[in-house]
Amino acid sequence: MRERRPIEYWLSDMDGVLVHEGRPVPGAEEFIRRLSESGRPFLVLTNNSIYTARDLAARLSAVGLQVPPESIWTSALATARFLSDQRPEGSAYVIGEAGLTTALHEAGYVLTDLDPEYVVLGETRTYSFSQLTKAIRLIERGARFIATNPDPIGPSPEGSLPACGAVAAMITRATGVDPYFVGKPNPLMMRTALNRVGGHSESTAMIGDRMDTDVVAGVEAGLQTILVLTGVTRKEEIERFPFRPSRVVPSIADVIDLVE
């Protein structure tokens, strides 16, 4: 592979890279500390739209990872940025929780079910039949369909939960309208993250645990990509994909020495 510039900016997925089943991955605390001490700009990225950045910072702090809210970039924040750029101070009917509603409010959006310009679907622990029915009818009447991320399932202590992508598929089946997904693997999320840290693709690395979201999004955005094997993608699965990460390492502990 061609020689790349030294890594000056860092983007990292959260689940499967820094934390796993609610516990920090060994090496994650030292990695975050090394980044903070080096002064290298970094962002922790997540497709989870449930929590605000402040909520996530508190949850990470509770397990020993000190990540300030301004260093967290969620699919909800990326969605709010996208909509604000597309139609400033617009209106949306939202299915989601505080992470998404807060981001849209702060972007100047009005949240309404009265002839909204958009239906915006995110994650929630309580998808309701009445909300989904309302969303379907609004889309049928011309509202544009946006979803925060295409993840079909999410984890829980009891097992898998239906997530945004699965619910979006149901709405699509009912309406015939596909959503525009803002979160990973859409490289738009990487581009907005790059803008957030002021980075350049040639000198930025994306660390992830999934070939089909983190790595492909990084590749399409022109970033260096590092796959860790502490999450979803297993080593023997890498060759199945038509694209390759720049590096494959066992865990985030093996990335620490790359931070200069």
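The values are calculated or read from the model by the stated rules, or taken from the named source; none is laboratory data. Since this is a predicted model, take the numbers as computed values, not measurements. Glycine gets a Cβ as well: all are built from the backbone with ideal geometry, and neighbour counts include every protein chain shown. Heavy atoms of the whole protein, side chains included, go into the accessibility calculation; ligands, DNA and RNA do not. Shrake-Rupley method; radii C 1.70, N 1.55, O 1.52, S 1.80 Å.
Could you count how many residues in the stretch 124-156 are among the hydroxyl-bearing types (Ser, Thr, Tyr), touching a residue at least 12 places away in the same chain (Cβ under 8 Å) and either open to solvent by 40 Å² or more (accessible area, probe 1.4 Å) or touching a Lys or Arg at 6+ places or on another chain (Cβ under 7 Å) (or both)?
Of the residues in that region, 1 qualify.
Just the residues that are surrounded by fewer than 22 Cβ atoms within 10 Å (Cβ to Cβ) and over 30 Å from residue 129 (Cα atoms), please, taken from the stretch 171-193.
187, 188, 191, 192 - these are the residues of the stretch 171-193 that are surrounded by fewer than 22 Cβ atoms within 10 Å (Cβ to Cβ) and over 30 Å from residue 129 (Cα atoms).
Are any residues in the stretch 68-104 outside any helix (DSSP H, G or I), under 16 Å from the mean Cα position of the chain (by Cα) and either β-branched (Val, Ile, Thr) or closer than 20 Å to residue 28 by Cβ (or both), and if so, which ones?
Passing the criteria: 72, 73, 74.
Could you check the stretch 20-45 and list, in sequence order, the residues that are modelled with pLDDT of 95 or more, part of a strand (DSSP E or B), within 16 Å of residue 64 (Cβ to Cβ) and open to solvent by 10 Å² or more (accessible area, probe 1.4 Å)?
24 - this is the single residue of the stretch 20-45 that is modelled with pLDDT of 95 or more, part of a strand (DSSP E or B), within 16 Å of residue 64 (Cβ to Cβ) and open to solvent by 10 Å² or more (accessible area, probe 1.4 Å).
Here is a yes/no grid of residues against (1) of a type in the set (D, E, K, R); (2) open to solvent by 30 Å² or more (accessible area, probe 1.4 Å); (3) under 30 Å from residue 138 (Cα atoms):
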site: 158; (1), (2), (3): yes, yes, no
site: 166; (1), (2), (3): no, yes, yes
site: 169; (1), (2), (3): no, yes, yes
site: 210; (1), (2), (3): yes, yes, no
site: 218; (1), (2), (3): no, no, no
site: 225; (1), (2), (3): no, no, no
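Tally up the residues in the stretch 1-19 that are out of contact with any Asp or Glu (no Cβ under 6 Å at 6 or more places or on another chain) and open to solvent by less than 10 Å² (accessible area, probe 1.4 Å), please.
4
Only one residue in 165, 208 is without any contact (Cβ under 8 Å) to a residue 24 or more places away in the chain and touching an Asp or Glu at 6+ places or on another chain (Cβ under 6 Å), so which one is that?
Result: 165 is the single residue among 165, 208 that is without any contact (Cβ under 8 Å) to a residue 24 or more places away in the chain and touching an Asp or Glu at 6+ places or on another chain (Cβ under 6 Å).
Residue by residue through the stretch 178-205, note down the ones that are free of Cβ contacts under 8 Å to residues at least 24 places away in the same chain and touching a Gly at 6+ places or on another chain (Cβ under 7 Å).
201
Under the condition of being farther than 24 Å from residue 186 by Cβ and among the charged types (D, E, K, R), which residue from the stretch 235-255 is least open to solvent (accessible area, probe 1.4 Å)?
Taking the candidates together, the pick is 254.
Can you find a residue that is part of a helix (DSSP H, G or I), within 18 Å of residue 151 (Cβ to Cβ) and in contact with a Phe, Trp or Tyr (Cβ under 8 Å, 6 or more places away or on another chain) anywhere in the stretch 215-233?
Scanning the stretch 215-233 turns up at least one residue that is part of a helix (DSSP H, G or I), within 18 Å of residue 151 (Cβ to Cβ) and in contact with a Phe, Trp or Tyr (Cβ under 8 Å, 6 or more places away or on another chain).
Taking residue 225 as meeting all but one of (1) among the polar types (S, T, N, Q); (2) closer than 16 Å to residue 16 by Cβ; (3) more than 18 Å from the chain's Cα centre (by Cα), write down the number of the exception.
(3)
Go through the stretch 109-123 and give me each residue that's open to solvent by less than 20 Å² (accessible area, probe 1.4 Å) and either at pLDDT below 95 or part of a loop (DSSP other than H, G, I, E, B) (or both).
Passing the criteria: 109, 116, 122.
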